[in-house]
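The structure appears right after this line, and notes come after that.
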Amino acid sequence: MAAAGAAATDLEVVRGKRAALFFAAVAIVLGLPLWWKTTETYRAPLPYSQISGLNALQLRLMVPVTVVFTRDSVPLDDQEKLPFTVVHEREIPLKYKMKIKCRFQKAYRRALDHEEEALSLGSMQEAETMLAEPQEQAEGSLTVYVISEHSALLPQDMMSYIGPKRTAVVRGILHREAFNIIGRRIIQVAQAMSLTEDVLAAALADHLPEDKWSSDKRRPLKSSLGYEITFSLLNPDPKSHDVHWDIEGAVRHYVQPFLNALSVAGNFSVDSQILYYAVLGVNPRFDPASSSYYLAAHSLPHVINPVESRLGSSAASLYPVLNFLLYVPELAHSPLYIQDKDGAPVATNAFHSPRWGGIMVYNVDPKAYNVSELPVRVEVDMVRVMEVFLAQLRLLFGIAQPRVPPKCLFSRPKSEGLMTWELDRLLWARSVENLATATTTLTSLAQLLGKIGNIVIKDDVASEVYRAVAAVQKAAEELASGHLASAFVASQEAVTSSERAFFDPSLLHLLYFPDDQKFAIYIPLFLPMAVPILLSLVKIFLETRKSWKKPEKID
C-alpha cells in the first residue's frame, strides 16, 4: 500500500514538472513572439537613401532660345554657317546646399520669308503683330530676332528691345566676331527675361542665410495652391465722410485680368469689405509748414497690427491672405501723407508690407468741405487706387522690373498688367522654391523618423513620401529639359505630397508614449503568470541538479 502511494506521488511530481515545462515552452516559443509582433510599432519602409540624395541635387535650368538672323545682320560668311546650336551655362552663386546652374541653349537659324517681311516694317508694334504665330511658344522659351545694324525698326541709339511676349530684338553687326558679340547681347537680354540671381535668391529667401539675398524687402509671397485677396475701405469718420467706391467694377476691369494671367501660378478669390470707425494704431504728426499731417517711415510697421485685428480675414483661411486697405483719414487728421526715410512725401501716398499687403491713404479734396455740409460725399477715383494696388500686387508676388542691359528699349505690359515672360520668370522661381521646400520637408521628416523609433509610419504616409520623391526627381528632369509648365506642376505635387506626409496626424499617435508607461501596463499583466512559471523552472532545475549529484548505491 505504501509503495503504491509513493508511486502515485512520483507520478504527480513528474506530471507537475512536465506541465511547468509545457507552460514555459508555450510562453517562450509562442507567447513572447506573438506579444512582440502584436505590440510592435508598424513602420512602413521609406526611401531614406533617395531622400538623403536630394540634398546633393543639382538643378539645371534650361532656357531654350531661338535666335533668328535676318539678311545683313551678320556677314555673309557667318550666314553660311547657319543653322547651329550654342550652349551657354553658368552656375548661380547662391549660398545654398542645392547647386543651381542656368543653361541657355541658343538655336541659330535664318529668318523665314514672313519674318523678313515683318522685321522690315517701320515700327515694332506692326512687326510684333505680323510675327504673332497661331500657336503660342512653349512656357520658358524665348525668340530673339537679330536685325541689321542700320535697321530703322529700333531707334538708332537703342541696341535691343524686349517685347511683352516671349520675343526680343537685337541689333546685328558686320564684324568678323559677329557671333561672339551678338551672343553676349543675346545672353544679357535672355537673362533679363528669364533667370537672374535676384529672381532665384528672392524665391529661396527662406532657405538662404540672412544676407543681401534674403532681405525682408525682397521676400515675395510663398508658393501656394491658392491666394485670397481682400480689399478693405476704412472710414474712421463716417460722420464727416460718406465714402463710395465701385470696388466691383474696379476688380472686374483691372484686377481680374491680372489674376487671370496669374491663374497658372494658383487659384485666386477676391472679396471686399467696408470698416467704419477703424483708425490707425499710430497718431499722425502735424507739420505746421504745410498745414498737414504725416506718418513717418519708422512708424509704418506699427500701423498694421491694430488694423489687422479688425480685418478678420486670415483666421479661417487655408491660403495666404493679401490685404489691400484704402484709408480715408478722419477730418481731424486731414490731409494725411506718408513720408519716406528721407522725410519726403511718397508720390503714391501708399506703402506695402511683404507677404501681407498694402495700405493707401486717400485724402479728400479740401474744397469739398466748403461746398456741402457734413458728411461730405466722397467718390473714390478707382483708377488711381487700382494703379497703386496692382503695382503692390506685382511686388508681393516678386514681379519686379528686371535689370535691362544698357541701350535697351523696354515695352510696356499688356492690358493684363503682366508680360508673358514675366509669368514664365515667376514659374521658374516658384518651381525652384517648391523643390527647395519639398526637399527640406522630406529631409526633416526622414531625420525625425530616424531619431524617434516609436512613431507609426502608415502605408498612406509612405506612399506620399514616395510620391513626393518621384515628383522632385521628375521636376528636376523637366527643368533640365526646358519643359517649364510640366516642371512647375511636378514641383507643386512634390510640395503637396511632402507636406501631407509631414503633417499627417497618425505620426503623433505614439509619440508621447514613453517606455515607463509600457512597463506600467504590461507588468501587472505578465507578472502573475510569469512568477509561478519561473519558480517552477527554478525548482525543477534545483531538483535535477540534486539528482545528478546523489551517489548511486553499489551492492
Can you give me the % of accessible surface on the chain that is carbon or sulfur? Probe 1.4 Å, all protein chains present, nothing else counted. 58
Need one number: % antiparallel among DSSP beta bridges in segment 299-401, to the nearest 5. 50
Rounded to the nearest 500, what is the 222 nm mean residue ellipticity of the chain from helices alone, with -39500 (n - 2.57) per DSSP H run of 4+ residues and division by all residues? -13500 deg cm²/dmol
Residue range of the chain that is longest and free of GluC sites (Glu not before Pro) which are both DSSP loop and sparsely packed (at most 13 other C-beta within 10 Å): 374-551
Separation between the Ala480 and Gln79 pseudo-spin-labels, each 7 Å from Cα along Cα→Cβ, expressed in nm? 4.0
Pairs of alpha-carbon atoms within less than 8 angstrom and 6+ residues apart define the contacts here; what relative contact order does segment 226-397 have, in percent? 32
Heavy-atom accessible area per residue of the chain, all protein chains kept, 1.4 Å probe, expressed in Å², is 54
Check every DSSP H run in the chain and write down those whose alpha carbon atoms cover 15 angstrom or more along the long axis and whose mean Kyte-Doolittle hydropathy is -1.0 or greater. 2-25, 178-193, 301-311, 382-396, 420-451, 459-481, 484-502, 515-549
Report relative contact order for the chain in percent, whole number only (criteria: Cα-Cα under 8 Å, sequence separation at least 6). 18
Taking R0 as 51 Å and r as the Cβ-Cβ distance between Phe23 and Ser52, the FRET efficiency 1/(1 + (r/R0)^6), rounded to the nearest 0.05, comes to 0.60
Averaging over all projection directions, find the projected area of the Cα convex hull of segment 289-330 and quote it in nm² with one decimal place. 4.3
Rounded to 5, percent antiparallel among DSSP beta bridges of segment 58-203: 35
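The values are calculated or read from the model by the stated rules, or taken from the named source; none is laboratory data. All of these numbers come straight from a predicted model, not from anything done at the bench. When we count neighbours, we look across all protein chains shown, and the Cβ atoms used for this are built from the backbone with ideal geometry, even at glycine. Note: accessible area is taken over every heavy atom of the protein model, side chains too, but ligands, DNA and RNA are not part of it. Shrake-Rupley method; radii C 1.70, N 1.55, O 1.52, S 1.80 Å.
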